[in-house]
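Input: a single structure, listed below in structure tokens.
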Amino acid sequence: LITKVVTSNNLTAINGNNASGVFFGCTSLQVADLGTGITYIGTDTFNGCTSLASIICRAYNPPTLQANTFRGIPSASPLITKFYVPNDRVAAYKAATGWINFASRIFSINDL
């Protein structure tokens, strides 16, 4: 079972398609740690990751999100997926297209 995934800083895109994202239905995934190079996260990448507690996105600029990138992640008690981003970029992520929908769940990496 995969409980944590860490991507290389050289990875720039995580591709996904409708109902077939990279981690689609990975119910054991708890943490996704995305490296500094990520610029794009595809459709349904994390769809159905019902145990996902944290997404750490180390990219300076908020990656482009496609439709439903985070569909099906926990959004209610007791488990709510939190997003951790570079400390000085929290406001930028909260205002970015797609990310704005998760603004209340975006925190500084320093809060980890």
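In table form, for the structure just shown:
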{"item": "Counting DSSP beta bridges with both ends in the chain, the antiparallel % (nearest 5)", "result": "10 percent"}
{"item": "Pair residue 51, residue 31: separation of 7 Å Cα→Cβ label points (nm)", "result": "1.4 nm"}
{"item": "Solvent-accessible area, 1.4 Å probe, carbon plus sulfur percent, for segment 1-95", "result": "50 percent"}
{"item": "From phi via Karplus (6.51, -1.76, 1.60), per-residue ³J(HN,Hα) for segment 94-108 in Hz, x at Gly/Pro", "result": "4, 9, 6, 3, x, 5, 4, 5, 10, 3, 5, 10, 9, 9, 6"}
{"item": "Inter-probe distance in nm under a simple model that places probes 7 Å from Cα toward Cβ, at residue 88 and residue 101", "result": "3.0 nm"}
{"item": "Calculated [θ] (222 nm, deg cm²/dmol) that DSSP helices of n ≥ 4 give over the chain, each run adding -39,500 (n - 2.57)", "result": "-1000 deg cm²/dmol"}
{"item": "The chain, accessible area per residue, ligands and nucleic acids excluded (1.4 Å, Å²)", "result": "50 Å²"}
{"item": "Rg over Rh [alpha-carbon atoms, Kirkwood Rh] for segment 1-47", "result": "0.96"}
{"item": "Tail weight of P(r) past 12 Å, computed on alpha-carbon pairs of segment 63-112, percent", "result": "64 percent"}
{"item": "Square roots of 5 times each gyration tensor eigenvalue, C-alpha, the chain, largest first, Å", "result": "19, 16, 14"}
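The values are calculated or read from the model by the stated rules, or taken from the named source; none is laboratory data. Quick caveat, the model's predicted, so the values are computed rather than measured. For neighbour counting, all protein chains shown are included, and Cβ atoms are generated from backbone atoms with ideal geometry for every residue, glycine included. SASA here: full protein model, heavy atoms, side chains in, ligands and nucleic acids out. Shrake-Rupley method; radii C 1.70, N 1.55, O 1.52, S 1.80 Å.
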